[in-house]
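*Asks:* Here it is, the structure in full.
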Amino acid sequence: MEAYAQLSVNFQANASVAGPRIVLGDIAVIKPAGEEAQAVAQLPVASSPAPGKSKELYTVSVINSLRNRPEVADVDWQGSQSIVVQRKGNRVKQEQLQAIVDQFLKENSASLPQTEIRFTSLRAPEEVTLPAGKLTWKVTPSRPGILGSSSFSIAFAVDDKPATTCVVRGRLEVVAEVATAAVTLHKGDVISENSIVMQKLDIGGLQKPFTAKEQLLGMQVARTVNAGTPLEEAHIAMPTIVKSGEMVKIVARKGAMQLSTSGLAKTDGRLGEMIQVKNISSNKLIHCRVDGPGMVSVEF
């Protein structure tokens, strides 16, 4: 008759775990090896500490928590009277958070042509501790176009599962050559070569500046801009290409059919705008879309 081999559970003084739950096999050596030992090893005994932290378990409490489990009815308990359990974790230090933001800015520098980008005066946690596993992250600036951002959110994931989000604050310096007003520009002025000058400036606080003169030539000033001020999209409007009192060609369309007649513009209009036009043939006022110099259209 084969001799019966009693299971022994030998508690260790120190143990390390990766997941959120501690099982008996994490904190003890169970012999002899086999299916019975494997089943006993999977018995849960406690929740794990936070990633990177430790907790102390007492052997007597562990045994009491398992006393009603039939798997351990005849176990020989041995070993340390207490166990210090350390949970593994990914430690991300402040300098690594800086490096993550710097890498994001480097990867997105193509959307900000001919710029020098720096993120300084960093304010971030000294350290972020995450669960053990494969670490990935996604960076989101506080402003969609990056320019003007005062913070960056780093959403961390471990093994493709969301873990935590860390906010890194600071000053964004974006140095680039941008168009500035060479003289004071007034509302309605048409921008010419002499109206603007290119200057190298920190544009971190600007919204959609212009990085080439060609982007502005022939455009109209939407509001007064003082000399030396960097020009932004909000300062600029499309030029007026149809003037009030001007004779225009009206193209009327319905499906594939197209008719044309003459009209008199009653208001100024920019490309794509709707303006009032007097139909010379019918003497009626109609709303037309500006398609080009002297050209408007209407659907009927």
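The values are calculated or read from the model by the stated rules, or taken from the named source; none is laboratory data. Keep in mind the model is a prediction, meaning the values are calculated, not measured. Here Cβ is always computed from backbone atoms with ideal geometry, including for glycine, and neighbour counts include all displayed protein chains.
*Asks:* Being within 30 Å of residue 53 (Cα to Cα) and modelled with pLDDT of 90 or more narrows it down to one of 230, 131, 141, so name that one.
*Replies:* 131
*Asks:* Only residues that are surrounded by 12 or more Cβ atoms within 10 Å (Cβ to Cβ) and free of Cβ contacts under 8 Å to residues at least 40 places away in the same chain: list them for the stretch 104-121, please.
*Replies:* Hits for the stretch 104-121 are 108, 109.
*Asks:* Of the residues 124, 110, 99, which is aliphatic (A, V, I, L, M) and in contact with a strand residue (DSSP E or B) (Cβ under 9 Å, 6 or more places away or on another chain)?
*Replies:* 124
*Asks:* Going residue by residue through the stretch 68-80, is there one that turns out to be outside the structural domain of residue 132 (by TED's automatic domain parsing), more than 30 Å from residue 179 (Cβ to Cβ), of a type in the set (S, T, N, Q) and surrounded by 17 or more Cβ atoms within 10 Å (Cβ to Cβ)?
*Replies:* yes
*Asks:* If we only count strands (runs of 3 or more DSSP E) wholly inside the stretch 1-105, which ones have 1 or more residues that are among the small types (Gly, Ala, Ser) and out of contact with any helix residue (DSSP H, G or I) (no Cβ under 6 Å at 6 or more places or on another chain)?
*Replies:* Of the strands (runs of 3 or more DSSP E) lying wholly inside the stretch 1-105, those with at least 1 residues that are among the small types (Gly, Ala, Ser) and out of contact with any helix residue (DSSP H, G or I) (no Cβ under 6 Å at 6 or more places or on another chain) span 8-11, 14-17, 28-31, 44-47, 54-58, 76-79, 82-87, 89-93.
*Asks:* Follow-up question, since we're still on this one. Select from the stretch 162-197 the residues that are of a type outside the set (A, V, I, L, M, F, W, C) and either crowded, with 18+ Cβ neighbours inside 10 Å or closer than 30 Å to residue 138 by Cα (or both) and list them in ascending order.
*Replies:* If the condition is that a residue be of a type outside the set (A, V, I, L, M, F, W, C) and either crowded, with 18+ Cβ neighbours inside 10 Å or closer than 30 Å to residue 138 by Cα (or both), then 162, 164, 165, 169, 170, 171, 173, 177, 180, 195 are the ones that fit.
*Asks:* In the stretch 122-140, what residues are in contact (Cβ under 8 Å) with a residue 24 or more places away in the chain and not in a loop (DSSP other than H, G, I, E, B)?
*Replies:* 122, 123, 127, 128, 129, 130, 131, 135, 136, 137, 139
*Asks:* Follow-up. State all residues of the stretch 141-177 that are outside any strand (DSSP E or B), over 18 Å from residue 92 (Cα atoms) and in contact with a strand residue (DSSP E or B) (Cβ under 8 Å, 6 or more places away or on another chain); if no residue qualifies, say none.
*Replies:* 142, 146, 147, 148, 149, 150
*Asks:* While we're here: How many residues, within the stretch 255-275, are out of contact with any Asp or Glu (no Cβ under 7 Å at 6 or more places or on another chain), in contact (Cβ under 8 Å) with a residue 12 or more places away in the chain and not hydroxyl-bearing (Ser, Thr, Tyr)?
*Replies:* Within the stretch 255-275, residues that are out of contact with any Asp or Glu (no Cβ under 7 Å at 6 or more places or on another chain), in contact (Cβ under 8 Å) with a residue 12 or more places away in the chain and not hydroxyl-bearing (Ser, Thr, Tyr) number 11.
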